[in-house]
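Chemist: Sharing a structure, written as structure tokens. Questions coming.
The values are calculated or read from the model by the stated rules, or taken from the named source; none is laboratory data. Here the structure is a predicted model, which is why all the values come from computation and not from measurement. Note that we place each Cβ from the backbone using ideal geometry, even for glycine, and neighbour counts take in every protein chain shown.
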Amino acid sequence: MSLHVITFTREEHYIRKFLELPGRLYSRKELMQKPDEERQILTGTHILSHYFTVFPFLVLDENDAPVSRALLTVYPDDTDAFLGFFESEENGEAVALLFKKAEETARVQHCRRIVGPVDASFWIRYRFKVNCFDHTYTGEPCNKQYYAALWRKAGYEITEKYYSNHYRIVERSHSNPLYASRLTDKLQEGYRIVSPSKETFDSTLNEVYDLLIELYRSFPAYKRITREEFVSLYSYLKLLIRYPMVKMAYYQEKAVGFFISIPDYQNMVYQKLTPLNILRILFTRAKPKSYVMLYMGIDDAHHGLGKAMAEAIKMELSACGLPAVGALIRQGNVNRDYFRELIDYEYAYVLLSKDLSCASAQHTAQHTAAHAQQHSRCKI
């Protein structure tokens, strides 16, 4: 197979090829692509596009069909570049061409490291899934089983790990005295843990922004965005959530914690909003089969509040008799161990990186050694 790699800007011909590759790799049931969002990123019209510069790559075969793709994102104030929107056939030659081009481009942009997969922004999508490929849920990364291995082979090392806990159905008789006492104590101390309503959700989203924008700043690839951008990106949740499964914590009338869950829509929310698909979404919202606990954040000054909010959510899950996933928890975060006695299995995810200065030095050393060896042989 004859392969070649290209970089393009906004040529429609190549944008279409970039967008079509996931549909060739995944079944309709598996596909979690947002082609409209990808097009916005490629054309510089996404709401976050003013923060970064993108360099899309395609590896094409002799028939001009896409084999691999990726997009390198560079921020003006960062020596890390971010590689994402990665999709590929299991083809080592194609992936080698792709990484070589991406790394050359990152060096030209004076970047010292590539981190990935990051789809342009922390606020869009990042990480690879590395197990439980026969179980999927709304909001998790979707990728082929061999992707992480392809990156490792290209010299990328795992730098971050994340986990999702699958919680079995909570029996009404279940009790964990530690969590129950934390909820009781916090309520007695004057905390309010309540669910928003349809009428208050817009103001709730603004309160979540105030918390999240500070609490998540230590996460890899995090970049601060404006309140208006955050609301624009996440206002869609209003259409998906069931309000009892969203909890806000207040102390002295100030928001100090949040817990946001949605029904598991699988990949419905990534598909075009045809009348039929809208009906499927509405039906799932009305009669969910499981929940995804997507976002949680607690002000660091309020020790013990996380367990109290987890107890409040557990009570809701027990009342409805449904399983749930505690999604995408960074290794080391305490909520990974919440209600561990109810976890029946864990999903795992990774973020990888490659130090370009080390890779460049290694390449130079190898080249120098090879040249010296060749010169020595010539002298003999």
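Chemist: So ALA370 fits all but one of (1) more than 30 Å from ASN131 (Cα to Cα); (2) of a type outside the set (D, E, K, R); (3) at pLDDT below 95; (4) in contact with an Asp or Glu (Cβ under 9 Å, 6 or more places away or on another chain); what number is the exception?
Modeler: Result: ALA370 passes all but (4).
Chemist: Taking only pairs six or more apart or across chains, which ones have beta-carbon atoms under 6 Å, a first residue in region 129-148 that is farther than 19 Å from GLY84 by Cβ and not assigned by TED's automatic domain parsing to the domain that holds TYR295, and a second residue that is assigned to a loop (DSSP other than H, G, I, E, B) and not small (Gly, Ala, Ser)?
Modeler: PHE133/GLN145; TYR137/ASP264; THR138/ASP264; THR138/TYR265
Chemist: Only one of SER197, SER181, SER203 is in a loop (DSSP other than H, G, I, E, B) and out of contact with any strand residue (DSSP E or B) (no Cβ under 9 Å at 6 or more places or on another chain); which?
Modeler: SER197
Chemist: For ILE213, state whether it is touching a helix residue (DSSP H, G or I) at 6+ places or on another chain (Cβ under 9 Å), under 15 Å from ILE298 (Cα atoms), assigned by TED's automatic domain parsing to the domain that holds LEU317 and without any contact (Cβ under 8 Å) to a residue 60 or more places away in the chain.
Modeler: So ILE213 passes the test.
So that you can scan it fast, the table gives a plain yes or no per residue for (1) in a loop (DSSP other than H, G, I, E, B); (2) surrounded by 15 or more Cβ atoms within 10 Å (Cβ to Cβ); (3) of a type outside the set (D, E, K, R):
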site: CYS132; (1), (2), (3): yes, yes, yes
site: THR138; (1), (2), (3): yes, yes, yes
site: LEU150; (1), (2), (3): no, yes, yes
site: GLY190; (1), (2), (3): yes, no, yes
site: ILE213; (1), (2), (3): no, yes, yes
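Chemist: Could you check region 251-344 for strands (runs of 3 or more DSSP E) lying wholly inside it with 1 or more residues that are touching an Asp or Glu at 6+ places or on another chain (Cβ under 7 Å), modelled with pLDDT of 95 or more and outside the structural domain of GLU189 (by TED's automatic domain parsing)?
Modeler: 324-330
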